[in-house]
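The values are calculated or read from the model by the stated rules, or taken from the named source; none is laboratory data. Since the model is a prediction, treat every value here as computed from it, not as a measurement. Neighbour counts run over all protein chains shown; Cβ positions are idealised from the backbone, glycine included.
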Amino acid sequence: MYPVLCKVRYELLWRMMLEDYRTGVILVGIARCIAMVLIWNELAKGDSQLCAVIVAVNSILQIALFTPVSLFYLQVVSRGKGIDVSAWTVAKSVLLFLGVPLGAGVLTRFTLRRGVGPKWYDTKFIPFIGPFALLGLLYTIFVMFAIQAHEIVNNIGEVARVVVPMILYFAITFTSSVLVTRHLKLPYPEIVTQSFTAASNNFELAIAVAVGAFGIDSHEALAATIGPLIEVPALLLLVYVTLFFRKWLSRA
């Protein structure tokens, strides 16, 4: 193996990720999760109250910081050529797909709980409206892949280059978060919440920004669309891994 590995042109590895696909991956990576993390946290028996607080903070921070952070990584760190993402394009997508639902959620909760009572809100309204999130996600993925199916088949090699860094990202981020929080001797529920929050991504926002900035048939949108297809099975697997090592983590 050593002679063969000496021949690898490592200095060129950074070019292996095409610029447009790299942009899509970056958009997925910087969008912090505010929805699915609640599901992963519940399945892994995490701290639901802490998770709700982190989600609320992430929602506010993304509205304020997603635009400058995305421009920093796309134009400064990535040094991509031909990338034209205006601050307003990104901000508009963030406000539309994150700010509006957040505002509507806050308004709905305070209005209905005061008008019809907390019991009806928790036992009737939440179970009724809950499945619509999954339906919306499935509809988004279906439409995107219906439009981009030919691109996936015709560019399977580039798609694989998108999958690999995403898998590495989820594995490294989650594992490092678990080790750090365990070293800090946090209780198991808090370890779970912190780790899944760190590893999860708001791929709905990433898709929205990619589509709004580059178009629905762009490679950037394709890369962002692949995000949920990797994140969902990867984090579901991590849920089972976390539960398997629950006793070890509880001895932190």
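Given the condition within 20 Å of the chain's Cα centre (by Cα), modelled with pLDDT of 85 or more, over 29 Å from Val94 (Cβ atoms) and not small (Gly, Ala, Ser), answer yes or no: does some residue in region 216-236 qualify? No, region 216-236 contains no residue that is within 20 Å of the chain's Cα centre (by Cα), modelled with pLDDT of 85 or more, over 29 Å from Val94 (Cβ atoms) and not small (Gly, Ala, Ser).
Here Ser59 passes the criteria (1) in contact with a Leu (Cβ under 6 Å, 6 or more places away or on another chain); (2) modelled with pLDDT of 80 or more; (3) among the hydroxyl-bearing types (Ser, Thr, Tyr) except the one numbered (2). All but one of (1) within 24 Å of Tyr73 (Cβ to Cβ); (2) surrounded by fewer than 17 Cβ atoms within 10 Å (Cβ to Cβ) hold for Tyr169; state the number of the condition that does not hold. Against the list (1) within 24 Å of Tyr73 (Cβ to Cβ); (2) surrounded by fewer than 17 Cβ atoms within 10 Å (Cβ to Cβ), Tyr169 comes up short only on (2). Leu186 fulfils the conditions (1) at pLDDT below 85; (2) out of contact with any helix residue (DSSP H, G or I) (no Cβ under 6 Å at 6 or more places or on another chain); (3) among the hydrophobic types (A, V, I, L, M, F, W, C) except for a single criterion, (1). Criterion applied to Ala198, Ala149 was being without any contact (Cβ under 8 Å) to a residue 40 or more places away in the chain, among the aliphatic types (A, V, I, L, M) and farther than 27 Å from Leu50 by Cα, and the one residue passing it is Ala149.
Kindly establish whether Arg114 is at pLDDT 80 or above and either at positive phi or loosely packed, with under 14 Cβ neighbours inside 10 Å (or both). Answer is yes for this residue.
Going residue by residue through region 71-91, is there one that turns out to be over 17 Å from the mean Cα position of the chain (by Cα), closer than 16 Å to Val209 by Cα, among the hydroxyl-bearing types (Ser, Thr, Tyr) and at pLDDT below 75? Yes, because at least one residue in region 71-91 is over 17 Å from the mean Cα position of the chain (by Cα), closer than 16 Å to Val209 by Cα, among the hydroxyl-bearing types (Ser, Thr, Tyr) and at pLDDT below 75.
Listed conditions (1) surrounded by fewer than 11 Cβ atoms within 10 Å (Cβ to Cβ); (2) touching a residue at least 40 places away in the same chain (Cβ under 8 Å); (3) farther than 20 Å from Phe245 by Cβ are all met by Val163, apart from (1). Screening region 92-109 for residues that are β-branched (Val, Ile, Thr) and exposed (fewer than 13 other Cβ atoms within 10 Å of the Cβ) and picking the one that is modelled with the highest pLDDT gives Val106.
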